[in-house]
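Report on the following structure.
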Amino acid sequence: MALPIEDYALIGDRGTAALVGKDGSIDWLCLPRFDSPACFAALLGTEDHGRWLLAPADEVTATHRRYVDGTACLETTFTTKGGEVVLLDVMPTLDGRADVVRRLTCTRGTVRIRHDWVVRTDYGRVRPWVSREQAHGDEVVVAVAGPDKLVLRGPHLPHGHEGHHTDEFELTEGDEVCFSMTWVRSWHAVPVPLGFDERIDATTDRQREWSERAPDDVPQADLVRRSLLTLLLMTHAETGGIVAAPTTSLPEDFGGERNWDYRYCWLRDAALTLESLLGAGYDTEALHWRRWLLRAVAGDPADLQIMYTVDGGRQLPELELAHLPGYAGSLPVRIGNGAVCQRQNDVLGEVMIALELARQAGLDETHNSWALQRALVDELADHWDEPDNGLWEIRGPQRHFTHSRVMVWVAFDRAVRGVEEHGLEGPADRWRELRERVREEILDKGYDAERNTFTQHYDTREVDASLLTIPLVGFLPGDDPRVLGTIDAVMEDLLRDGLLLRYRTQTGVDGLEGDEHPFLACSFWLVSALAAAGRRDEAEELLDRLCGLANDVGLLSEEYDAAHGRMAGNFPQAFSHLALVQAALSLR
């Protein structure tokens, strides 16, 4: 079985990302892109589904991890009875390659190292042909299967046995060895070797320069900086697409069916990420994402999807991988995402918020960018009153979700602002009229006057954590009595072990079996809502507790099982990290 989710750390090159365990094993890596098939898939199975281990062969008495300051370069220190060795894991960035570089340095005594390189392409399904070759004056190990070629370089190349390539060797104090793995198309020649030290230094310098721009006048400034850098790693450098997480099928309910593929670009999650980056002063990223948006949604506005592939592709068929036993036996393992076909009326509101913030930050609209927004808002104007699946992507019957209606109001509101405050052209009178109609409907049908709270949807008295965003998007002031009542109702109904659930699964609203754990982004929303309500002490206390749930290198998953002190869901999760940033900014 794979390690606990919190025992992993993320490295990435802004094209893809890998999860590295505390034991020195890379158990998840998709190449060359976030949404490509995995060549290391032990995370969802066993070591026979692919991994790359570099660690002491003898018993480890202590392990310490950290990111090199201000970077995503991971340093793991292993202590044994015989000595100490430091493993540095780096994915060099912006050099046109898809490489993983691993450097071992013995800092004390003598340590025997175990090396196990197990390549399984197509999500652990295919055992490649593996051979030793001479290339550019060096001996290399080459694995080939279908479209993939992986090239291993280093001073102690492992030997093949029963599908594993293994080796053991000793390092003494002062010794240093570097290994690298490079992905290329299988029909390409083995690429030339590139220098290790200069690529590590260039990546370190580039990431440190970026992260130094993070705000330091916020609570939990170090975690805010780590969250922003994590969001950057989940932003594809070439296309501008922002993925929700680099993993698939890490369970929300251990042993259950709530296992989803998050390696795609949700318009909502990407827009929220952009809001966090803009709020933290990272303005240039907005232009890159807007270009991705224009390409991805080009065409008939009626064909707008809620998510796309990293390059803006529209085909994400949901499939089940029967050959993988799943993390902690959680089945099925899924790739693709069937929610791509859902109607989620809230999405455009999030996009319009992000683009309005970009305008406020000084990003001028082009003819095409504003024309796109007009077309999407006009399309929404014709269908805004239809039921939808909501932001939680329920697989039960569609409903008139209150949060979706609030975000419809937001879409019209930000469109009106574009005309009134930025001099853009559009049918502002019609948009104003629709904005008021939506507002009246929400206050009439989405509000329970008897309990003084907004409701999850129009046909229930249940609440939903998404209602906490009502003051955050400007629908009502944070100290409005209806908002204060909603905060209290959400806390009364949805708090579990001091953390917020999204909603009560027992109602059956989502059409799924089983339960789930508190959703971390919802608790960060509560921080922001409490701050907006003037309950600052409560907000600060909750933020401190939430930040204490991050793992030893500052990463958060989608959910948290407080009863067992463990993370759940895909990891690391952009939604959790962007909500952390927004919560900290609300207390700035």
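The values are calculated or read from the model by the stated rules, or taken from the named source; none is laboratory data. Everything numeric here is computed off the predicted structure, so don't read it as measured data. Note that we place each Cβ from the backbone using ideal geometry, even for glycine, and neighbour counts take in every protein chain shown. Heads up: the accessible areas ignore ligands, DNA and RNA and are worked out on the full protein's heavy atoms, side chains in. Shrake-Rupley method; radii C 1.70, N 1.55, O 1.52, S 1.80 Å.
Summary of values
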| quantity | calculated |
| --- | --- |
| Cα coordinate range in the stretch 179-228, projected on the principal axes (Å, largest first) | 50, 21, 17 |
| In sequence order, calculated HN-Hα J values of the stretch 247-264 (Karplus, 6.51, -1.76, 1.60; Hz; x Gly/Pro) | 10, 10, 6, 6, x, 7, 10, 4, x, x, 9, 7, 10, 10, 9, 10, 8, 10 |
| Using a Förster distance of 22 Å, the FRET efficiency for residue 537-residue 480 (Cβ separation, nearest 0.05) | 0.60 |
| Whole-number percent relative contact order across the chain, with pairs defined as alpha carbons under 8 Å at least 6 apart | 13 percent |
| Helix 284-296 axis, angle to the chain major axis (alpha carbon atoms, nearest 10°) | 80 degrees |
| Diffusion constant of the stretch 415-534 at 20 °C, which comes from Stokes-Einstein with the Kirkwood Cα-pair radius and 1.002 mPa s, µm²/s | 136 µm²/s |
| Three principal axis lengths of the stretch 268-394 [C-alpha, angstrom, descending] | 50, 35, 22 |
| Long-range HN-HN contacts of residue 566 with modeled amide H, under 5 Å | 561 |
| Helix-only mean residue ellipticity at 222 nm for the chain, each DSSP H run of n ≥ 4 adding -39500 (n - 2.57), per residue, nearest 500 | -10000 deg cm²/dmol |
| ³J(HN,Hα), Karplus 6.51/-1.76/1.60, whole Hz, each residue of the stretch 476-490, x for Gly, Pro | 9, x, x, 9, 4, x, 5, 5, 4, x, 5, 4, 5, 5, 4 |
| Given charges at beta-carbon only (K, R positive; D, E negative), |dipole| of the chain in Debye | 820 debye |
| Relative contact order (%) - criterion: Cα under 8 Å, at least six apart; region: the stretch 160-278 | 13 percent |
| FRET efficiency, residue 432 to residue 284 (Cβ-Cβ, R0 30 Å, nearest 0.05) | 0.35 |
| Amide proton proximity set for residue 496, modelled H, under 5 Å, gap of 5+ | 501 |
| Angle in degrees between helix 574-586 and the longest Cα principal axis of the chain, rounded to the nearest 10 | 60 degrees |
| The stretch 195-253: radius of gyration over Cα atoms, expressed as a fraction of 2.2 N^0.38 Å | 1.41 |
| Carbon and sulfur %, accessible surface of the stretch 140-217 computed with the full protein complex present, 1.4 Å | 48 percent |
| DSSP-loop GluC sites (Glu not before Pro) across the stretch 477-563, with at most 14 other Cβ within 10 angstrom | 513 |
| Sites residue 69 and residue 170, calculated FRET efficiency, Cβ-Cβ separation with R0 30 Å, nearest 0.05 | 0.50 |
| Hull-based mean projected area of the stretch 209-305, where the convex hull spans the alpha carbons, in square nanometres | 8.0 nm² |
| Over the stretch 361-437 - Rg/Rh using Cα atoms and the Kirkwood inverse-distance radius | 1.03 |
| Over the stretch 458-499: Rg over Rh, Cα atoms, Kirkwood Rh | 0.98 |
| The stretch 465-588: relative contact order in percent, alpha carbon pairs under 8 Å with at least 6 residues between | 24 percent |
| Stretch gain in nm, segment residue 62-residue 360, where the contour uses 0.36 nm per residue and the Cα spacing is subtracted | 102.3 nm |
| Long-range tail of P(r) for the stretch 501-586 (Cα pairs > 18 Å, %) | 44 percent |
| Inter-site label distance for residue 133 and residue 198 at 7 Å from Cα along Cβ, in nm | 2.4 nm |
| Separation in nanometres of the label points that stand 7 Å from Cα toward Cβ, at residue 425 and residue 295 | 2.8 nm |
| Cα extents of the stretch 289-330 along the three principal axes, largest first (Å) | 41, 21, 13 |
| Packing-based ranking, highest mean first, of 405-411, 212-218 given that Cβ atoms within 10 Å are counted | 405-411, 212-218 |
| Compactness relative to 2.2 N^0.38 Å, alpha carbon Rg of the stretch 49-99 | 1.38 |
| Rough spin-label spacing in nm, given labels placed 7 Å along Cα→Cβ, for residue 189 and residue 515 | 6.1 nm |
| Computed P(r) (all Cα pairs; the stretch 425-489; 10 Å bins; percent) | 21, 50, 22, 8, 0 |
| Table column - 3J(HN,Hα) (Hz), the stretch 44-58, Karplus curve with 6.51, -1.76, 1.60, x for Gly and Pro | 10, x, 10, 4, 6, 9, x, 6, 9, 9, 9, 6, x, 6, 8 |
| The chain: angle of helix 196-211 to the longest principal axis, Cα-based, in degrees nearest 10 | 20 degrees |
| Stokes-Einstein D in µm²/s, Kirkwood radius over Cα pairs - the stretch 1-132 at 20 °C with 1.002 mPa s viscosity | 141 µm²/s |
| Solvent-accessible area, 1.4 Å probe, carbon plus sulfur percent, for the stretch 404-476 | 38 percent |
| Accessible area (Å², per residue) of the chain, counting only protein heavy atoms and a probe of 1.4 Å | 36 Å² |
